[in-house]
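Following: one structure in structure tokens, then a few remarks.
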Amino acid sequence: MVNAAPILMDTPSSAPAKSSAYKPTVRLSPASLPSAHAPGAAAAPMGETLVDISHLDFFYNTSQALHDINLKIEAKNVTAFIGPSGCGKSTLLRCLNRMNDLIDGTRVARGTIKIHGVDIYQPDVDVIELRKRVGMVFQKSNPFPKSIYENITFGLRLQGMNDPAKLDEIVEKSLRGAALWDEVKDRLGASGMGLSGGQQQRLCIARAIAVEPEVILMDEPCSALDPVATAKVEELIQELRSRFTIIIVTHNMQQAARCSDKTAFFYLGKLIEFADTRDIFTKPANAQTEAYVSGRFG
Ligand SMILES: Nc1ncnc2c1ncn2[C@@H]1O[C@H](COP(=O)(O)OP(=O)(O)OP(=O)(O)O)[C@@H](O)[C@H]1O
Ligand SMILES: [Mg+2]
């Protein structure tokens, strides 16, 4: 889950650069979006609304990809985004840490996204700080071409942390947290690129949690993994859920049912239904949701 603005995030190397018209923003007050590393940081308690999306319309140039999205995401919960290809799941995920700012011609035309009550699209929001707090893990694992150890410490060093003992401690804690420590503890100096696909994805999760984000966005994190590696990542999500607010995009209905507390079903850029995962899969209120989760379309 986690590059310069991009460095602390798992930023796709293919992300197009924003045009020069893009305006940099000033720093977000730590008090308004508290950092988990900051002393006395006030993380939102479990069950409380952390991310509040209200009447969101989003465009790629003249093409509207999201229509009037209203969604409240609870803290320390796992929320799954499901829906057919092209329905806007990744677009909405990237709105949550302003990764779409990196794509020319994108705009939020209407509505707000608040995190801790702060509208993250206000011009005074520090986007780099936001992306530290809202980390991301992509479909294709993308470790840096560096050692396993340096993959974890890169973001921390950028934050100015240089104490070797502290870095060692966070490396171990993050790799343990990502259920990878036992497999790599004897080769921390080896390249992260030399790990298996499933291990690389867990390394990316370790890199994301090392900077202690509050929210972790996962865009189809298991789609390139075999069933064993998928099971490990799903177990990991269960372990991380008490510490982080997780939003996962998946095409795998069983995965959504196994992993998440709440599920949001999207179709053609609209949020069709949002409810407890159990209800979405056993008694969906909407006929389109029912057709999708039962495999009749999509
Ligand atoms: N960079 C882009 N430029 C223009 N249009 C885009 C861009 N990215 C996505 N879109 C369009 O926005 C809509 C939503 O795409 P998005 O990638 O969010 O869907 P998705 O639900 O994540 O699909 P999938 O399940 O295939 O990943 C689609 O119509 C898509 O073609
Ligand atoms: Mg997608």
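Bear in mind these aren't lab numbers, they're just calculated from the coordinates by the rules spelled out. The shown structure was predicted, so the numbers you read here are calculated from the model rather than taken from an experiment. Neighbour counts are summed over all protein chains in view; Cβ atoms, including those assigned to glycine, are modelled from backbone coordinates with ideal geometry.
Here are a few things to note about the model shown:
- Relative packing of peptides 196-207, 78-89, 279-290 - highest average C-beta neighbours within 10 Å first: 196-207, 78-89, 279-290
- Rounded, prolate or oblate (a/c below 1.5 giving rounded, otherwise prolate when a/b exceeds b/c) for the stretch 113-211 by Cα gyration tensor: prolate
- Over the C-alpha atoms of the chain, the Rg to Rh ratio, Rh being the Kirkwood estimate, stands at 0.95.
- Cα gyration tensor, the stretch 69-145 - rounded (a/c under 1.5), prolate or oblate: rounded
- Over the stretch 88-176, relative contact order from alpha-carbon pairs under 8 Å, at least 6 apart, %: 19
- In sequence order, the stretch 233-241 has phi-based couplings of 5, 5, 4, 4, 4, 4, 6, 7, 5 Hz under the Karplus curve 6.51 cos²θ - 1.76 cosθ + 1.60, θ = phi - 60°, and Gly or Pro positions carry x.
- Residue exposure sequence - Thr49, Thr153 - by fewest surrounding Cβ within 10 Å: Thr49, Thr153
- For the stretch 52-62, Karplus couplings with θ = phi - 60° (6.51, -1.76, 1.60), whole Hz, Gly/Pro x: 10, 9, 10, 6, 7, 10, 10, 10, 9, 6, 8
- Between the amide H of Phe81 and those of Ile248, Val249, Thr250, Ala264, distances stay under 5 Å, these residues lying 5 or more places away or on another chain, with hydrogens modeled in the peptide plane.
- Cross-link pairs Lys76/Lys232; Lys140/Lys166; Lys132/Lys262 - those with Cα-Cα distance over 26 Å: Lys140/Lys166
- Label sites at Ala190 and Ala291, each approximated as a point 7 angstrom past Cα along Cα to Cβ, lie 5.0 nm apart.
- Listed values for the stretch 145-158 are Karplus-derived 3J(HN,Hα) couplings in whole Hz (6.51 cos²θ - 1.76 cosθ + 1.60, θ = phi - 60°), namely x, 9, 5, 4, 4, 6, 4, 6, 8, 4, x, 5, 4, 4, and x replaces Gly and Pro.
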